[in-house]
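The values are calculated or read from the model by the stated rules, or taken from the named source; none is laboratory data. Predicted, not measured: the structure shown is a model, and the values here were computed from it. Cβ atoms come from the backbone with ideal geometry, glycine included; neighbour counts cover every protein chain shown. The protein model used for the area step is the full one, side chains on, heavy atoms only, and it has no ligands, DNA or RNA in it. Shrake-Rupley method; radii C 1.70, N 1.55, O 1.52, S 1.80 Å.
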Amino acid sequence: MKIVALVGSNRKESYNKKLAVYMQTRYQGTADIEILPIEKLPMYNQDDELTPPAIVTEIKKKVADSDGVLFVTPEFNHSVPAFLKNAIDWFSRVDKVMVNKPVMIVGGTPGVLGTARAQMHLRQILNSPGIAALTLPGNEVFIGAVHEKLDESGKLIHEPTVQFIDTVMDNFINWITKQK
């Protein structure tokens, strides 16, 4: 199963990037997770949507060819990071590569709410007409105190969180299979 991951942080020591890499490694026998370089996308400009830069075309094709999309997002000012929203804006135009695409959302933050507000906004965005993604229902992964649940190498070491993500990932893979 081919899943692309969109990480909403470009910070070098990003907890969410570490979480995405951890998931990529942990589920490699079940799913091929490719982390896409959305931080390299130029700002969306409607003037360029019919002749987008090569990086836009390349990333959109990978999203279109995937079985599902994993969003791994931090929370910036109670919402999603600008460049994650920028990627979604590119995906919503012309060929609309997210329509009916199965999506799973996870996110971690040092705070107690674990990106709950950002994920609420992301779900609203993913439900918009140009996106119309199929967001995995009832499987919200809000990882509070993420800095205490990852070791120095980025491995998730908090066993209840590991088990929960295992369950949600299994639900996501089964859900993708049912969507086909």
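Scanning region 2-57 for residues that are touching a residue at least 24 places away in the same chain (Cβ under 8 Å), part of a helix (DSSP H, G or I) and of a type in the set (Val, Ile, Thr) gives VAL21, ILE38, VAL56. Here the condition is being of a type in the set (S, T, N, Q) and closer than 17 Å to VAL168 by Cβ; of ASN86, ASN16, ASN10, ASN100, it holds for ASN16 alone.
Would you call GLY111 more than 23 Å from GLN179 (Cβ to Cβ), in contact with a Phe, Trp or Tyr (Cβ under 8 Å, 6 or more places away or on another chain) and in a loop (DSSP other than H, G, I, E, B)? Judged against the criteria, GLY111 is not a match. One residue stands out among those in region 130-141 that are open to solvent by 40 Å² or more (accessible area, probe 1.4 Å) and at pLDDT below 95: the one that is nearest to MET98 (Cα to Cα), which is PRO137. May I ask you to verify whether ASN77 is exposed (fewer than 15 other Cβ atoms within 10 Å of the Cβ), closer than 30 Å to PRO42 by Cα and in contact (Cβ under 8 Å) with a residue 40 or more places away in the chain? No: the conditions fail for ASN77. Residues being within 30 Å of HIS147 (Cβ to Cβ) and part of a loop (DSSP other than H, G, I, E, B): count how many of those fall in region 67-107. Within region 67-107, residues that are within 30 Å of HIS147 (Cβ to Cβ) and part of a loop (DSSP other than H, G, I, E, B) number 7.
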